[in-house]
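First up is the structure itself, then whatever we jot down about it.
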Amino acid sequence: MSEDLKWDKQCRQAVKKANRMLGVIKRNFIDRSKETIMPLYKSLVRPHLEYCVPIWSPHYQKDIELVKEVQRRTTKLIDDVRNLHHEERIKRLNLMTLEKRRLRSDLIETFKHLKLLMIVII
């Protein structure tokens, strides 16, 4: 967190790590099928974008776009859907957008806190 209480530095660092891993995948895997790229993305790239995201979740549009670009680049690697629009690639690959995943994570954390509060009250 910066002195002005913004998370843009954390966001840039997460994107940098995710892009680094995406580069490793791009350089080392010739097979660009959905069956190869998607498990690699989900296990090696996306965790960098979602680590502690309930705390530093991007709120500014520039940060949201920065994070979203990693998923766009990943889906463009896949041969079968490369030429489609981003939203169509997401649908065809049966992926949830990173924004929806952050919202889901926020809802889960809220539920946990409310459940804990109910236990304390009772």
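The values are calculated or read from the model by the stated rules, or taken from the named source; none is laboratory data. Predicted model only: the values in this text are computed from it and were never measured. Don't worry about glycine lacking a Cβ; one is built from the backbone with ideal geometry, like all the others, and counts go over all protein chains shown.
Checking LYS62, LYS34, LYS42 one by one, the residue that is of a type in the set (D, E, K, R) and surrounded by 13 or more Cβ atoms within 10 Å (Cβ to Cβ) is LYS34 and no other.
In the range 3-17 there is at least one residue matching the filter, namely being charged (D, E, K, R), surrounded by 14 or more Cβ atoms within 10 Å (Cβ to Cβ) and more than 27 Å from HIS113 (Cβ to Cβ).
Contact annotation: residue pairs with Cβ atoms under 8 Å, 6 or more positions apart or on different chains, pairing a residue in the range 106-122 that is surrounded by 10 or more Cβ atoms within 10 Å (Cβ to Cβ) with a partner that is part of a helix (DSSP H, G or I), are ASP106/PRO54; GLU109/PRO54. Just one residue in the set ARG101, ARG20 is assigned to a helix (DSSP H, G or I), loosely packed, with under 15 Cβ neighbours inside 10 Å and among the basic types (Lys, Arg); that residue is ARG20. For the range 45-59, the set of residues classified as more than 11 Å from the chain's Cα centre (by Cα) and either at pLDDT 95 or above or exposed (fewer than 15 other Cβ atoms within 10 Å of the Cβ) (or both) consists of CYS52, PRO54, ILE55, HIS59, listed by residue number. Could you please let me know if LYS42 is charged (D, E, K, R), more than 15 Å from THR75 (Cα to Cα), without any contact (Cβ under 8 Å) to a residue 24 or more places away in the chain and assigned to a helix (DSSP H, G or I)? In short, no. It is to be established whether one or more residues within the range 75-83 are surrounded by fewer than 16 Cβ atoms within 10 Å (Cβ to Cβ), over 15 Å from ALA14 (Cβ atoms) and under 14 Å from the mean Cα position of the chain (by Cα). Looking through the range 75-83, none of the residues is surrounded by fewer than 16 Cβ atoms within 10 Å (Cβ to Cβ), over 15 Å from ALA14 (Cβ atoms) and under 14 Å from the mean Cα position of the chain (by Cα). The set of residues in the range 35-44 that are touching a helix residue (DSSP H, G or I) at 6+ places or on another chain (Cβ under 6 Å) and either aliphatic (A, V, I, L, M) or at pLDDT below 95 (or both) comprises ILE37, LEU40, LEU44.
Scoring ASN94 on the criteria (1) within 17 Å of the chain's Cα centre (by Cα); (2) modelled with pLDDT of 90 or more; (3) surrounded by 11 or more Cβ atoms within 10 Å (Cβ to Cβ) leaves a single failure, condition (3). When restricted to residues that are touching a Cys at 6+ places or on another chain (Cβ under 7 Å) and closer than 10 Å to GLU99 by Cα, the range 55-75 contains 2.
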